[in-house]
1. Answer yes or no: is there a residue in the range 255-265 that is assigned to a strand (DSSP E or B), touching a Phe, Trp or Tyr at 6+ places or on another chain (Cβ under 7 Å) and at pLDDT 95 or above.
2. Only one of (1) farther than 30 Å from Gly336 by Cβ; (2) without any contact (Cβ under 8 Å) to a residue 40 or more places away in the chain fails for Ser283. Which number is that?
3. When the range 393-408 is examined, which residues are found to be in a helix (DSSP H, G or I) and in contact (Cβ under 8 Å) with a residue 12 or more places away in the chain?
4. Between Ala8, Ala52, which is of a type outside the set (Asp, Glu), assigned to a helix (DSSP H, G or I) and in contact (Cβ under 8 Å) with a residue 12 or more places away in the chain?
5. Taking only the range 355-376 into account, find how many residues are under 15 Å from Ser324 (Cα atoms), surrounded by fewer than 16 Cβ atoms within 10 Å (Cβ to Cβ) and either touching a residue at least 12 places away in the same chain (Cβ under 8 Å) or not assigned by TED's automatic domain parsing to the domain that holds Arg316 (or both).
6. Looking only at the range 267-325, which residues are surrounded by fewer than 24 Cβ atoms within 10 Å (Cβ to Cβ) and part of a strand (DSSP E or B)?
7. Just one of the numbered conditions (1) farther than 13 Å from Ile89 by Cβ; (2) of a type in the set (Val, Ile, Thr); (3) surrounded by 24 or more Cβ atoms within 10 Å (Cβ to Cβ) is not true of Val338; which one?
8. Hey, can you tell me all the residues within the range 363-392 that are part of a strand (DSSP E or B) and over 16 Å from Glu273 (Cα atoms)?
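The values are calculated or read from the model by the stated rules, or taken from the named source; none is laboratory data. All values reported here derive from a predicted model rather than from experimental measurement. Glycine also receives a Cβ, built like all others from the backbone with ideal geometry; neighbour counts cover every protein chain displayed.
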Amino acid sequence: MTTAERLAAFAAGASYDDLSEAARNQVKLLVLDTIGCAIGSLGAEPIRYLRAQADDFGGNGSCTLIGGGSTAPDRAAFYNTSLVRYLDISDGYMGAMGTSHPSDNMGAVLAAAEYAGASGRDFMAALALAYQVQCRFCDLAPSEKNGFDQGLAISYSVAAGAARALGVGPERAAHAVALSGASHNPLFISRTGQISHWKGFATADAALNAIHAVFLAMRGVTGPVEIFEGPRGLFEAITGPFEIDWESENLEKVLGISIKKYNAGVHSQTGIEGVIELKNEHSISPGEIERVELETYERAFYIMGGGGAGDKHDIRNKETADHSLPYVLAAALIDGEVMPAQYEIERIRAEDVQALLRRVSITCGDDLTARYPAQSPVRLRIEMKDGTVFEKEKPGYEGFPASPMSWESVRGKFDALCGPHTTEGLRGEIADAVSRLESVPARELGALLGRVEEAS
């Protein structure tokens, strides 16, 4: 069997019964968090562009658009995944070879589950499967160092998860994986320099491509099933060889997912929490700060600290700001939080935050790098103009797997993000449905998300 065929067999056999009780509860937490992220994005200017296109290309399909309306599965996958990803407050996975946002799978897997009329149990199994596949790629596939973005893993995880949700058998699921992988290999440039809207939409595009591939395979279209090991396949062209024993895999990777506490890149969460703690513990006045020094691990430094993804002190837009450690630390010290309000263009351009972010320096520590990804460690040093120094070292943050968020904390985040777009009653209905997700058909969950517009 080829690697794609082994992955497809694993996908086709994935079952709700394979999930531990802890994993089942975690899936519900992740679904509630993801829905909150999606609803919180409604009304953002770039999201309006996507909604206009979805409406122009045609509605009345079988799959829900969050915020009202319906469309075809691939378009629903693209739009809803863009909603999940846009704010950049969605979940994260820190792998040895890459970072990802596994919640990027939900829009496509839910669309497939709606189309198929899948049960809540089948939706949960398919989503956990997609998380598992994406995370294992992040563990073992060195794609990012070769210039490829996290949407590459989405090509395989969504193909597997959507195939499972649709009940596609292993033979055609292998072709789905092959079609998706052969046709979508996005570049890392989406998250470098002055970052564009595409950062928020790149994985959604990968999800659209993947679910499209699944439907083609479901109808009989074949793909290059040696996509991994064949000539000019993934191993030779992009990643080099890596081995995943799909016959021995489980669905427990959901337990290793981080839920973000703050609206910023996952590699900034510990630093943000740390400076807010210092600010509150010592009543730090931002105007009296001489300099802020953060020492972190290599990946955080590379992505958000100026180590490889472009200058992080030249901040002009939301997309660049939420991937800049200097900006998010400065905003946290001034405002005491980092949420969507910190990315309004007027806030980004304000003199106080622009001045302070230039006093923030980011460095990389070898010992901290050695502790990643088991930890998300930082050292912080804040020097005041009068010479006083405040220091703190932290191994991680609330929401990191070692310090997981409770249902109550996730519900609080959900309510805060959804508040401008929903009634209290509708939020309660959605949260209740998610809390008993195994007994809620996918179409019932979709119908609730389609009512958000009515409560706007």
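1. Of the range 255-265, the ones assigned to a strand (DSSP E or B) are 258.
Remaining after also requiring touching a Phe, Trp or Tyr at 6+ places or on another chain (Cβ under 7 Å): 258.
Going one step further and asking which of them are at pLDDT 95 or above, we end up with 258.
Checked against the condition, which is being assigned to a strand (DSSP E or B), touching a Phe, Trp or Tyr at 6+ places or on another chain (Cβ under 7 Å) and at pLDDT 95 or above, the range 255-265 yields at least one hit.
2. If we test Ser283 against (1) farther than 30 Å from Gly336 by Cβ; (2) without any contact (Cβ under 8 Å) to a residue 40 or more places away in the chain, just (1) comes out false.
3. Step one: filter the range 393-408 for residues in a helix (DSSP H, G or I), giving 407-408.
Selection gives Trp407 alone.
4. Working: Ala52 fails: in contact (Cβ under 8 Å) with a residue 12 or more places away in the chain.
Going through Ala8, Ala52 in turn, the sole match is Ala8.
5. Of the residues in that region, 2 qualify.
6. Result: Ile289, Glu290, Arg291, Glu293, Glu295.
7. Val338 satisfies every listed condition except (1).
8. Just the residues of the range 363-392 that are part of a strand (DSSP E or B), to begin with: 363-364, 378-384, 389-392.
If the condition is that a residue be part of a strand (DSSP E or B) and over 16 Å from Glu273 (Cα atoms), then Thr363, Cys364, Glu383, Met384, Val389 are the ones that fit.
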